[in-house]
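Notes follow once the structure below has been shown.
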Number of protein chains: 2
Amino acid sequence: MAESQTSQGDVHPHPYIPRDLHLPGYVPSSLSQSNILSVFASFFLILFALTWIFSGRLKKTKVDRLLIFWWAFTGLTHLILEGYFVFTPEFFKDNTSFHLAESWKEYSKGDSRYAARDAGIVTVEILTALLEGPASLLAVYAIATGKSYSYILQFAISLGQLYGIAVYYITAILGGDNFSTNSFYYYAYFIGANVPWIVIPSIISIRCWRKIVAAFQVQSQTKKTKVR
Amino acid sequence: MAESQTSQGDVHPHPYIPRDLHLPGYVPSSLSQSNILSVFASFFLILFALTWIFSGRLKKTKVDRLLIFWWAFTGLTHLILEGYFVFTPEFFKDNTSFHLAESWKEYSKGDSRYAARDAGIVTVEILTALLEGPASLLAVYAIATGKSYSYILQFAISLGQLYGIAVYYITAILGGDNFSTNSFYYYAYFIGANVPWIVIPSIISIRCWRKIVAAFQVQSQTKKTKVR
């Protein structure tokens with residue numbers, strides 16, 4: 001089985017850069033880009049609808065409803081998509097048209113370090129999938145039930161996401177920044193698909209920082225009032 | 001100059017593991033381990049004395065005085081020691097007995113990825129030296145002057161330090177965990193020298209988390225009081 005796949009891999013060389021990347025047993029993509037993206041779009045829209053209905057019943061503010069959606073979306077992405085990557089080193093050998101395997105075959109056109117199982121990538125994905133994934137779902141619960149730790153939890157996860165994305169890009173630059181099949185995949189996948197995880201965690205971090213600072217100002221005013 | 005150093009490097013092969021690590025121009029250590037450690041011990045003690053006197057005049061609690069010392073110590077370590085590493089890729093060629101170069105030559109016996117300029121190591125050190133270093137000194141100022149952002153800042157830096165140490169160890173394990181000259185250096189440098197940056201940021205993170213949660217509990221009680 002493994003041998004026949006290896007010979008297949010020789011017949012169908014992989015589409016990734018650098019060209020000398022050794023991926024014995026590579027099975028070419030069987031799902032189209034539009035097929036893969038339409039599954040993600042459906043997931044995004046269905047999840048948005050479900051969390052919007054759910055958070056509406058809880059009578060939350062619009063900001064809280066958007067945040068509940070974001071944490072559900074990023075948490076499930078970390079757990080399912082990135083969790084699959086962490087535990088499937090040989091996704092590029094998959095010949096069952098499994099959507100998650102095909103997604104990583106496709107994304108590797110933007111960053112072949114995923115197929116190559118670069119140590120920095122695997123490290124960031126371990127921390128993202130196993131720590132930030134469950135913590136994001138806890139954030140959904142914390143916002144929905146109005147917990148006192150809601151802001152500090154959201155701040156912690158957002159900071160972890162920002163640290164991860166910094167490691168992701170800095171290691172790419174230090175490694176020569178030559179892991180994309182062409183400039184379309186470079187800008188669409190390597191840059192474009194990651195931009196939301198720079199912009200949104202930055203906004204959330206700043207918002208949580210301000211809320212936390214404001215809470216300490218209230219606390220110190222309360223203490224002064226008591227002293228009087 | 002570079003050529004004569006290269007030939008020196010061939011005459012004096014380096015002490016690092018893996019043995020086939022290529023370090024042309026390596027100049028052997030000229031300072032002893034005890035010499036290097038005694039400089040760090042002196043720095044530690046003088047800084048402790050200075051910050052303790054300084055924080056005593058500000059009439060801070062003992063915990064705050066210890067925190068002021070810690071943030072000054074870790075901030076200066078990040079900026080000076082790790083900052084030197086970030087900007088000096090060829091420290092192993094230094095032949096002037098410069099203390100910082102000799103420190104990294106010595107530490108590389110515990111983790112040769114420093115001499116090899118591993119991309120993951122350089123990435124973590126860039127983030128540590130350039131972001132966490134200045135932020136740690138800001139924490140000294142924030143605690144000394146009782147700023148409202150003191151806890152969230154300390155939490156942010158501690159979490160960054162913990163993320164960095166996680167990347168440090170996970171990449172080592174994924175890379176084969178074979179970068180120490182022998183088990184003495186493995187346990188003394190690779191493990192021992194890093195343990196404080198696991199234990200202390202963990203304690204500070206938990207403390208800040210609790211303080212922040214308590215501030216929100218005060219805030220929500222204040223709101224309830226106002227409603228009545």
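Of note:
- Note on region B:1-121: percent of Cα-Cα distances in each 10 Å bin, starting at 0 and stopping at the bin with the largest distance, equals 13, 36, 26, 15, 8, 2.
- Net charge in the neighbourhood of B:ARG57 (other residues with Cβ under 15 Å of its Cβ; Lys, Arg +1, Asp, Glu -1) is +3.
- Average Cα contact separation per residue, region B:76-203, under 8 Å, 6 or more apart, as relative contact order %: 31
- Per residue, chain B reaches -21000 deg cm²/dmol at 222 nm when only DSSP H runs of four or more residues are counted, each adding -39500 (n - 2.57).
- Evaluated with a Cβ-only charge set (Lys, Arg +1; Asp, Glu -1), chain A carries a dipole of roughly 2060 debye about its Cα centre, given to the nearest 20.
- Global geometry of the protein assembly as shown, whether rounded, prolate or oblate, following the gyration tensor of its Cα atoms and the 1.5 cut on a/c: oblate
- Dipole size of region B:60-190 about its Cα centre, with +1 on Lys/Arg Cβ and -1 on Asp/Glu Cβ: approximately 420 debye, rounded to the nearest 20.
- Peptides ranked, highest mean first, by Cβ atoms within 10 Å: ranges B:32-39, A:206-213, B:108-115, B:66-73: B:108-115, B:66-73, A:206-213, B:32-39
- Convex hull volume of the Cα atoms of chain B, normalised per residue: 133 Å³.
- Across B:LYS62/B:LYS93; B:LYS105/B:LYS147; A:LYS223/B:LYS62; A:LYS147/B:LYS147; A:LYS59/A:LYS211, pairs whose alpha-carbon gap is larger than 32 Å: B:LYS62/B:LYS93; B:LYS105/B:LYS147
- Think of the protein assembly as shown as having a plus end and a minus end, set by charges on the Cβ of Lys, Arg, Asp and Glu; of B:VAL122, A:GLY176, A:ALA49, A:ALA49 sits farthest toward the positive end of this dipole.
- Magnitude of the charge dipole for region A:82-147, about its Cα centre and with charges confined to Cβ atoms of Lys, Arg (+1) and Asp, Glu (-1), is about 80 debye.
- Computed from phi, the 3J(HN,Hα) profile of region A:203-220 under the Karplus parametrisation 6.51, -1.76, 1.60 (θ = phi - 60°) reads 4, 5, 4, 5, 4, 5, 3, 5, 4, 5, 4, 4, 5, 6, 5, 4, 4, 5 Hz, with x in place of Gly and Pro.
- Paired Rg and Dmax values of region A:97-228, which use every Cα atom, in angstrom: 19.4, 71
No lab work stands behind these numbers, since they all come straight from the coordinates. Treat the numbers as computed from the prediction; the structure is a model and nothing was measured. Using ideal geometry, Cβ is built from the backbone for each residue, glycine included, and neighbour counts are taken over all protein chains shown.
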